[in-house]
1. Can you tell me the alpha carbon radius of gyration of segment 269-455 divided by the globular rule-of-thumb value 2.2 N^0.38 Å?
2. Run the quick spin-label model on T447 and L424: label points 7 Å from Cα toward the beta carbon, then report their separation in nm to one decimal.
3. What accessible area per residue, rounded to a whole number of Å², is obtained for the chain using a probe radius of 1.4 Å?
4. If you average the sequence gap of Cα pairs under 8 Å that are 6 or more apart and divide by the length of segment 97-236, what percent do you get for the contact order?
5. Students often get this wrong: which residues of segment 36-62 have the backbone nitrogen under 18 Å from the point 7 angstrom along Cα-to-C-beta of D180?
6. Measure off, as a whole percent, the carbon and sulfur share of the 1.4 Å-probe accessible area of segment 208-359, all protein chains present.
7. So what is the relative contact order of the chain, in percent, for Cα pairs below 8 Å that sit 6 or more residues apart?
8. Could you list which residues have their amide H under 5 Å from that of V349, counting only those 5 or more apart in sequence or on another chain, with H placed in the peptide plane?
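The values are calculated or read from the model by the stated rules, or taken from the named source; none is laboratory data. Please read these numbers as outputs of a predicted model, since none were measured by experiment. No Cβ is skipped: glycine too gets one built from the backbone with ideal geometry, and neighbour counts run over all protein chains shown. For accessibility, only protein heavy atoms count, side chains too; no ligands or nucleic acids. Shrake-Rupley method; radii C 1.70, N 1.55, O 1.52, S 1.80 Å.
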Amino acid sequence: MKVLSVASEIYPLVKTGGLADVTGALPGAVAPLGVETRTVVPGYPAIMAQVGKGKVLAKLPDVLGHSVKLLGAKVAGLDLIVVQVPGLFEREGGPYAGLDGIDFGDNWKRFAVLSKAAALIATGALKGYRPDVVHVHDWQAAMVPCYLAYGDAPPPPSVITVHNIAFQGQFAAHVFGELDLPATAWADGVEYYGGVGFLKAGLRAAQAITTVSPTYAREIRTGEFGMGLEGLINGRSDVVSGIVNGIDVDVWDPAKDARLVANFSARALKARGGNRKAVLKTFGLAPTKGPVIAIVSRLTWQKGMDLLAEAMDGIVAAGASLAVLGAGDRDLEHAFAEAAARHPGRVAVHIGYDEPLAHLMQGGCDAILIPSRFEPCGLTQLYGLRYGCVPIVARTGGLADTVIDANMAARAAGVGTGFHIGRLTAERIVDAVTLACEVYADTPEWTRMMKNGMATDVSWDASAKGYVALYRRLLEQAA
Ligand code: ADP
């Protein structure tokens, strides 16, 4: 089966978030299941640097008024089709914003051109290539299903994956006239609150919608999580599903991870103590019989960090110590620094982004706290499971789907892998940490939880099967 994937980011070439991890990992994960993936990406400087001149596969003389070169390249095991339009993509800054951090004013055009070019590829622009299924990611590629619906050639079926419904690609109404779509497309799905909505258009036009966990797939049907798109998602609930992300189990392997002071495995857990000591030393925390809890997070409202700031005194009173690694809202950075000053030796904060330290914390802290208000999938709980760093998580999105709450029944059956925070408030966060402290004091039970987590399959294998099953369903329906 041939799948054409379309994305604005792909690991290891361009990454601002989890989207890149998925688009980078999925091609390799579905390949053993008989799926060949080619990925359409914009020719950003970071991609052009890897691709060089590439091989010109085709030229499209007029895509929304732009001359497009399609370059073929194999990079990092990925089969790329690069959409080269220097005027749109070869700029300083990130994929979406300039060096000043301000979004490019023509993002609608940049990603409409990407999407239109991908739709042309899907319907025969490359000699000898016809994908069976088109898989597009997030708002930047969401116009592909829409262009396919209004194209000249019979289109292959498409699926759109939503990595975070908060990002929707909303633009002014006047943009519509320049999208090269028939006037009927406006009322048919492109119009969104009086303007143009790229994600909305894709959600309307694609044959299937996925998001990155089953619980988030249900949550976005509600006003609390749907960010204005809940009505549409509800109306199409028969084609909406959730498939949780995996993690790269080679990069995140406690037995081989070079960022750890001591490597360990479920069978040789003692060595883990070396990492715990290193965490205490790095953060200047006092030796303790209580659990050392990690926070590795963007410091934002979405991540519930304001609630954590409120809960800190209670967490310390419960007997835990906190090592916080993160950056984000200034107010929260301040609040955490103040908590550290109130509780020297028990709370320590490292402001910044530090990948090696994140590894050490997963391999050395006893638990990781993730009190997110919403979490489409989440990665840090998956790393935690794999590293014996017991996750304490909000019961939302992918967190709810990947961590087995050690409630009474689960504890009796010995199957818990972490703790769920019930309704998300500062008090409940303290309650969950208090329970974790109790269980931590019972070494055999805590060890069992760590081992349960470490035995959990967090690889891409299960997700890959889910996507391939979906591709096959789409193919059958199309036939
Ligand atoms: P999101 O993409 O919403 O921020 P995820 O849990 O899906 O949340 O992914 C966050 C990723 O970023 C994880 O790989 C996590 O380890 C990493 N991360 C977040 N903050 C930091 C930090 N301050 N230093 C190092 N890594 C971080």
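1. Numbers: Rg = 14.7 Å, N = 187, 2.2 N^0.38 = 16.1 Å.
In units of the 2.2 N^0.38 Å rule of thumb, it is 0.91.
2. Taking the simple label geometry, T447 and L424 are separated by 3.5 nm.
3. On the way: 19400 Å² over 479 residues.
Counting only protein heavy atoms, the per-residue value for the chain is 41 Å².
4. On the way: 200 pairs, mean separation 31.1, N = 140.
After rounding, I find 22 percent.
5. Counting only backbone N, you get 40-43, 57-62.
6. Details: 3750 of 6910 Å².
Carbon and sulfur: 54 percent of the exposed surface of segment 208-359.
7. On the way: 962 pairs, mean separation 57.9, N = 479.
About 12 percent, as a whole number.
8. Sorted by chain and number, the residues that satisfy this are V324.
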